[in-house]
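Notes follow the structure.
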Amino acid sequence: MYSSLLSIGSAFIKIGYVMVAILILMLMITIHELGHYTAGKILKFKINEFSIGFGKAIFTKKKKNGEVFSIRLIPLGGYCAFEGEDTENENPDSFNAQAPWKRLIVLFCGAFFNFLSAIIFSVILLSVVGNGQVQVTALDTASNTHIETLQVGDVITHVNGEKISFFNGGLTGLTQEIKDETDISLTVVRNGEKQEVIVQKYATMVDGKESYKFGIDPLNVGLPFGEAVLQSVPFSCETAWECLVVLGKLIIGDYGLEAVGGPITTIGTIADAGSVSALYLLLYMPLIAVNLAVFNLLPIPALDGAKMVFVLIEWIRKKPINRDLENKIHMVGLIILFGFVILVDLLQLFT
């Protein structure tokens, strides 16, 4: 009976992490739609509804100007519905009646708000956890490879001259191919000053397997707030670049479809990360925000990037492409996109 209670308790805890993951994903989507909404309000577009989620409305509130705010049953999306966005409309405040440059700004601001939020999340991440740099909290006296070089309190920032970061795997990633008895140059900050120390990994047995380590207990260390603010934009830009690199490798076949995931996979990944440590959620927040920004700017029908392409074509040729044709293209793109998302989620489940 005791084991059954533990199983039930573990199930509820898992459900709790899944709920947190859904809330995080919905926060990112809401930020995206808020970007469209804010730009639309500033540029005097008529907005019919701002919705969090899809499906049946479980809460609605209508403002005096006719705008509807709603929360819907399926928490895997959202939208900002502009007047006349998909059709020609005589209302001068409707979406397609606005100048092309205004529509481009409104379409772009969804991704832009995601990127701004990524910068904010990055400041929090870098302040609390840092960018992979670790502090020595203890030394293993069984090893004599570091005793006269590393000290408790040292913050390790570089390995063989390369700056430690989450993108290169941190201390473990930069040293995993280095074998025993190979000199490793570490840059450390000790008492506010940088200096170089030489260490070697040494062999030890873990679960019957030989592994190599430095003989230290490392702890991720956050950056000073001012430095975190300064590094937040480069960190977010580097995250965006990594997203594009992964996309490129998917296109040329270096990665298979199992390397990506849809919203279900994203929720599962966030939930798993949260179950390990709340600090892991800090790492996923800017990553998800940047992913949404990059993905939505891709020129794929139904996404903001493709809609921006149609507006640019209209601006250049001084007249729009047939609205019905454009809507059909976006509809087909949406169906293909949903099918792709379902496919990659299924691949994640069965691989």
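Descriptive notes on the structure:
- Top-ranked residue of the range 31-79 - restricted to ones that are among the hydroxyl-bearing types (Ser, Thr, Tyr) and assigned to a helix (DSSP H, G or I), ranked as surrounded by the fewest Cβ atoms within 10 Å (Cβ to Cβ): 38
- In the range 80-97, residue surrounded by the fewest Cβ atoms within 10 Å (Cβ to Cβ) [restricted to those that are of a type in the set (S, T, N, Q) and out of contact with any Gly (no Cβ under 9 Å at 6 or more places or on another chain)]: 87
- Among all residues of the range 275-296, there is at least one that is assigned to a helix (DSSP H, G or I), at pLDDT below 85 and among the small types (Gly, Ala, Ser).
- Taken over the range 287-322, the residue count meeting the criterion of being of a type in the set (Lys, Arg) and surrounded by 15 or more Cβ atoms within 10 Å (Cβ to Cβ) is 1.
The values are calculated or read from the model by the stated rules, or taken from the named source; none is laboratory data. Owing to the predicted nature of the structure, the values given are computational and were not obtained by experimental measurement. Counting neighbours? That spans all protein chains shown, and the Cβs are built from the backbone with ideal geometry, glycine included.
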